[in-house]
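Below is one structure, written out as structure tokens, with a few remarks after it.
Derivation of every value follows stated rules applied to the coordinates shown; laboratory data play no part. Computed from a predicted model, the values in this text were never measured in an experiment. Cβ: placed from backbone, ideal geometry, glycine included. Neighbour counts: every protein chain shown.
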Protein chains: 2
Amino acid sequence: MRVWLLDNGSIVIEHTQLMWNVPGPQVRIPVYSVLIESDDGLFLFDTGIDLDHMNRVLPFELPEQTEAQTIPAQLAACGFELGDVTTLVNSHLHIDHVGGNQLFAGTGVRNVLHAKELAQARNHEPFEFFGYSDHSWDCEGLNLDPVTGDFELAKGIFLYETPGHTVGHYSVLLNPGGSKPLLFAFDIAYTAAALEKGIQPGFHNNPHDGVLSIARVKSLAEEHGAEIFLSHDMDAWQGYTRAPGHYDV
Amino acid sequence: MRVWLLDNGSIVIEHTQLMWNVPGPQVRIPVYSVLIESDDGLFLFDTGIDLDHMNRVLPFELPEQTEAQTIPAQLAACGFELGDVTTLVNSHLHIDHVGGNQLFAGTGVRNVLHAKELAQARNHEPFEFFGYSDHSWDCEGLNLDPVTGDFELAKGIFLYETPGHTVGHYSVLLNPGGSKPLLFAFDIAYTAAALEKGIQPGFHNNPHDGVLSIARVKSLAEEHGAEIFLSHDMDAWQGYTRAPGHYDV
């Protein structure tokens, strides 16, 4: 199984969004997607931001995304094109994880997402407005496949329910039986420091569930000896191997 | 029924605590209690901050409380002393609503509070640490009387469950049949602007419930033609009649 991290640019958020109720300076955070090539197909987890949407609705997040940081360009850097992706999975449906979904309309891709997340994004809480403000994923030509529960999506690709940040947030564990399991916990916490301290993001749906999900991710990582990847840790991101470099797991 | 607002000082909080996820400058907010004299007794709602606790555990909130702003001094300004209070009610058990509870130990006061709030304050979420950091209310000599549901505490004093900010938060409606009903919604939202926009405080237990409670308070106020009082609106506070001045309702 080969894994690439696809750079999708960056945005700026308040420190109290990075760590709930913890004051500090604004911070620029990375946005990225995860591409997995396995015997069962080509899997893409999340699709970053749609720069036009960000500039239109959330310009205060100072979005940055070069042409080379778009999904097509990142796929090309790895030797693929949009039509090669067999399964698109969204960890959740926030703006910085769905921006490129619309590009897959008509490609025949299977778009896996949590059934609760689908329902919530279409009928969200008032305080979730910005998070769910990009609905371009809800378009013709995408084969939405709502799922629930923990399950093995394909050989060695395990999805785990980790709600709190959003109601239908999924984390993914790759090749738990192998020598180098990876656990993408996405937005459970934004940084390694936040995860360590158990501080969830300022944007959340249910902080009680968020506490349980942080504990669950830590427990899964320990049980399987997996390395945890979080979506928005700029320091960690600088040290990751990025596409076209890759991890073999 | 006569109502006094007892000044208990002030603290400084982040703007994202005043309004969840809304950035802005730090703000100094008032802390106050509500004293009600009725045919059924003398009722005190909340008891402000304990300055020693604040200086020890939350000095970053820059607490201010003069001797004249303590519960005994405020009661005296209204012609009462601690032993005159028959019923102490806590809207919830956060630090800025329980600081003076301990002063009533041994006075025979009945201390009404929500049963869920009592349980939560004794075994809170990690993210509720600061809010529930003052446990001086949980002392010998106070007759805790945990209650649940909406009910008429005494003639014309109605308690309504309004969870979200905390699990067992109560609001109180005074004399709904009278010419000037008052609705103390405490920490449902911190300011009139926040209430108007439906923005709950940055510190909360369950934001989904918080949305419902904001709607409930607005609905109750409209139904009964009541004026809404919030606990932490400095602009509104400057305009309120404060003890020894009073409202006759």
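Using a simple spin-label model with pseudo-atoms 7 Å out from Cα toward Cβ, residue A:81 and residue A:135 lie 3.2 nm apart. Just so you know, the Rg over Rh for region A:38-96 is 1.03, from Cα atoms, with Rh as the Kirkwood radius. Of A:134, B:52, A:46, the sequence from fewest to most neighbouring Cβ atoms within 10 angstrom is B:52, A:134, A:46. Counting, for every residue in A:88-101, the Cβ atoms of other protein chains within 10 Å of its Cβ and taking the mean gives 0.
The residues packed around residue B:237, meaning those with a beta-carbon under 12 Å from its beta-carbon, carry a net charge of -1 if Lys and Arg are +1 and Asp and Glu are -1.
Across B:200, B:238, B:69, mean-square fluctuation computed from a Gaussian network of chain B (C-alpha pairs under 10 Å connected) peaks at B:238. Net charge in the neighbourhood of residue B:56 (other residues with Cβ under 12 Å of its Cβ; Lys, Arg +1, Asp, Glu -1) is -4. Of all chain B residues, the one whose Cβ lies closest to the rotation axis that maps B onto A, given with that distance rounded to whole Å, is B:16, 2.
For region A:1-88, the square roots a ≥ b ≥ c of the C-alpha gyration tensor eigenvalues yield an a/c of 1.5 or more together with a/b exceeding b/c, which makes the shape prolate. For the protein assembly as shown, the share of DSSP beta bridges that are antiparallel, to the nearest 5, is 65%. Please report how far the C-alpha centroid of region A:137-205 lies from that of region A:17-94, rounded to the nearest whole angstrom. Region A:137-205 and region A:17-94 have Cα centres separated by 14 Å. The other copies place their residue B:56 label points at 5.6 nm from this one, listed shortest first, where each point is 7 Å from Cα along Cα→Cβ. Among rounded, prolate and oblate, which fits the protein assembly as shown when a ≥ b ≥ c are the square roots of the eigenvalues of its C-alpha gyration tensor, a/c under 1.5 means rounded, and a/b larger than b/c means prolate? Verdict is prolate for the protein assembly as shown. DSSP finds beta bridges in chain B, and of those with both partners inside it, around 65 percent are antiparallel. Tally the DSSP beta bridges in region A:142-249 and give the antiparallel ones as a percent, rounded to 5. About 75 percent, rounded to the nearest 5. In sequence order, region A:71-80 has phi-based couplings of 4, x, 5, 5, 4, 4, 5, 9, x, 10 Hz under the Karplus curve 6.51 cos²θ - 1.76 cosθ + 1.60, θ = phi - 60°, and Gly or Pro positions carry x. Counting only lysines at least 8 places from residue A:155 when in the same chain, those with an alpha carbon closer than 22 Å to its own are A:180. Counting other Cβ atoms within 10 Å as a rough exposure proxy, the listed residues B:35, B:174, B:195 run B:195, B:35, B:174 from fewest neighbours to most. Helical runs (DSSP H, four residues minimum) scored at -39500 (n - 2.57) apiece and divided by the length of chain B put the mean residue ellipticity at 222 nm at -6500 deg cm²/dmol. Converting phi to 3J(HN,Hα) with the Karplus coefficients 6.51, -1.76 and 1.60 and the offset θ = phi - 60°, region A:228-244 yields 8, 10, 10, 6, 10, 9, 4, 5, 4, 4, 4, x, 6, 7, 10, 3, x Hz in sequence order, with x at every glycine or proline. The HN-Hα couplings worked out from phi for region B:200-205 by the Karplus form 6.51 cos²θ - 1.76 cosθ + 1.60 (θ = phi - 60°) are 7, x, x, 8, 7, 9 Hz, whole numbers, x standing for Gly and Pro.
Take residue B:234, move 7 Å from Cα toward the beta carbon, and the resulting point lies 3.0 nm from the same point in each other copy, nearest first.
When the Cα gyration tensor is reduced to axis lengths a ≥ b ≥ c, the ratio a/c is 1.5 or higher for region B:54-161, and with a/b not above b/c it is classed as oblate. Shown for residue B:25: label points 7 Å from Cα along the beta-carbon vector, and their distances to the equivalent points in the other copies, 2.1 nm in ascending order. Under 15 Å from the Cα of residue B:218, which aspartates and glutamates turn up, not counting those fewer than eight places away in the same chain? Counting by Cα, and skipping residues close in sequence, residue B:218 has these aspartates and glutamates nearby: B:161, B:187, B:196, B:209, B:227.
Residues whose amide H falls under 5 Å from that of residue A:229, counting only those 5 or more places apart or on a different chain, are A:183, A:184, A:185, with hydrogens built in the peptide plane.
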